[in-house]
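I am attaching a structure below and will ask some questions about it afterwards.
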Amino acid sequence: MLSSVSTIRRQGPRALPFFVIPGLVALVCLLLVTGCSKPIHKLGGATMGTTWQVQIAGVPSGTSVAQLQEDIEALLDLVNRQMSTYIEDSDLSRYNQAEAGTWQRIPPDFATVLSTSLRLAEISEGAFDPTVGPLVNLWGFGPEGRRQQAPDAEAIAEARRRSGWQRLETRDTGREILQPGALYLDFSAIAKGYAVDRLGEYLDARGVAAWLVDIGGDLRARGVKPDGSPWRIAVERPSTGPQQIHSVVKPGDMAIATSGDYRNYFRDGGRQFSHTIDPRTGEPVAHQLASVTVIHDNCMEADGYATLLTVLGPEEGLAFATENDLAALFITRAASGDGFSEQMTDAFRQYLAQ
């Protein structure tokens, strides 16, 4: 239990929709602060179709919790206004609606996320693809609304023709991108992690020595709690029932993100269709990998790698993570549907709490 907690949580006009994935929280923060003389202040609200929370161990002189809340909300608005497919006049939406053959000027944050997305697409040979948006929408996991039946093969083929990261050209050091015609960007697999990083950078700049940022289960930590103990993060057991802890990690000054198939899906004809789409096939992933957790020095890449590894699956994903020295935990569902098994890279093992 917290011995002294100051909390601000707002729900209001600043809470703008992004990629709406209700209930998709793969990581749970364990707060084990007892007998502390200094408070942990908790700020929070709604953003990106989920919730955000920032915990800080002490407020620097010359600032206030209310000011931190206001500034954080403004930063979240900035990311939404640039990269949300749910906001019709966002920079991302304007690109998606642009005429074929036109070059579109994009802001720096947008360009940063796009550059990382294209790099992940290249090294994964398309398992990660920021142009997967038409397929995400087709399968009912985007702003066009939910569906309860799988689309037919012709519709999938048409959506795939509108996708393909190789079609995207950039110039002026990535600040201008070409709309070749009907290309549709979707940053739902990476922008939330980027927002976590932006909040962390802001807190560092304001002189906050210890903090934990959480946006919908994507987290990044800095420093230690007031009693000197590290932040501890629980990785959720990937089941559809009440939340259960699978394992606990101590990330230190690192970021952590999880991708899973157990919160956002629909069933049709006895089959479960996950929100994670394999851009190479145009269909939701069909293997038994239930969740992937990645620890990285920044949350944007942790977020993107978690999706990339989920698409690759348990065997290919583990091989990729090992080859690229990624700290990754794979939780696989038993073929019988009863129970789970886990595999992890050596780089992940060092973060397990003893």
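Considering (1) of a type in the set (A, V, I, L, M); (2) over 24 Å from T310 (Cα atoms); (3) free of Cβ contacts under 8 Å to residues at least 40 places away in the same chain, say which one A182 fails and leave the rest.
Single failed check for A182: (3).
Within segment 280-334, how many residues are farther than 20 Å from R220 by Cβ and aliphatic (A, V, I, L, M)?
10
Taking the residues in segment 244-280 that are at pLDDT below 80 and polar (S, T, N, Q) as candidates, determine which candidate is nearest to the chain's Cα centre (by Cα).
Per the criteria, the residue is N264.
Further question on the same structure: What pairs can you find where one residue is in segment 212-223 and under 16 Å from S259 (Cα atoms), the other is assigned to a loop (DSSP other than H, G, I, E, B) and of a type in the set (D, E, K, R), and their Cβ atoms are less than 9 Å apart, with a gap of 6+ or different chains?
Between residues of segment 212-223 that are under 16 Å from S259 (Cα atoms) and residues that are assigned to a loop (DSSP other than H, G, I, E, B) and of a type in the set (D, E, K, R), the close pairs are R220/D253.
Just to check your reading of the model, which residue among S115, S93, S84, S124 is farther than 28 Å from L203 by Cα and touching a residue at least 12 places away in the same chain (Cβ under 8 Å)?
After applying the criteria, what remains is S124.
Quick one: which of A153, A209 is within 24 Å of V285 (Cβ to Cβ) and surrounded by fewer than 16 Cβ atoms within 10 Å (Cβ to Cβ)?
Of the residues listed, the single one that is within 24 Å of V285 (Cβ to Cβ) and surrounded by fewer than 16 Cβ atoms within 10 Å (Cβ to Cβ) is A153.
Right, next: Quick one: is E73 in contact with a strand residue (DSSP E or B) (Cβ under 8 Å, 6 or more places away or on another chain), part of a helix (DSSP H, G or I) and not aliphatic (A, V, I, L, M)?
Here the answer is yes, as E73 does meet what is asked.
Return a yes/no flag: does segment 40-47 have any residue that is polar (S, T, N, Q), farther than 22 Å from G223 by Cα and part of a strand (DSSP E or B).
Checking segment 40-47: at least one residue is polar (S, T, N, Q), farther than 22 Å from G223 by Cα and part of a strand (DSSP E or B).
Okay, next question. Could you check V248 against (1) outside any strand (DSSP E or B); (2) out of contact with any Asp or Glu (no Cβ under 7 Å at 6 or more places or on another chain); (3) surrounded by fewer than 20 Cβ atoms within 10 Å (Cβ to Cβ) and say which number it fails?
Evaluating V248 over (1) outside any strand (DSSP E or B); (2) out of contact with any Asp or Glu (no Cβ under 7 Å at 6 or more places or on another chain); (3) surrounded by fewer than 20 Cβ atoms within 10 Å (Cβ to Cβ) leaves (1) as the failure.
Mind telling me which of the residues E283, E315 ends up being within 25 Å of L138 (Cα to Cα), surrounded by fewer than 22 Cβ atoms within 10 Å (Cβ to Cβ) and either out of contact with any His (no Cβ under 8 Å at 6 or more places or on another chain) or hydrophobic (A, V, I, L, M, F, W, C) (or both)?
E283
Test T112 against the criterion of being under 19 Å from M48 (Cβ atoms), under 20 Å from the mean Cα position of the chain (by Cα) and surrounded by fewer than 18 Cβ atoms within 10 Å (Cβ to Cβ), and give yes or no.
So T112 passes the test.
The values are calculated or read from the model by the stated rules, or taken from the named source; none is laboratory data. Remember, predicted model here, so these are calculated numbers, not experimental data. Here Cβ is always computed from backbone atoms with ideal geometry, including for glycine, and neighbour counts include all displayed protein chains.
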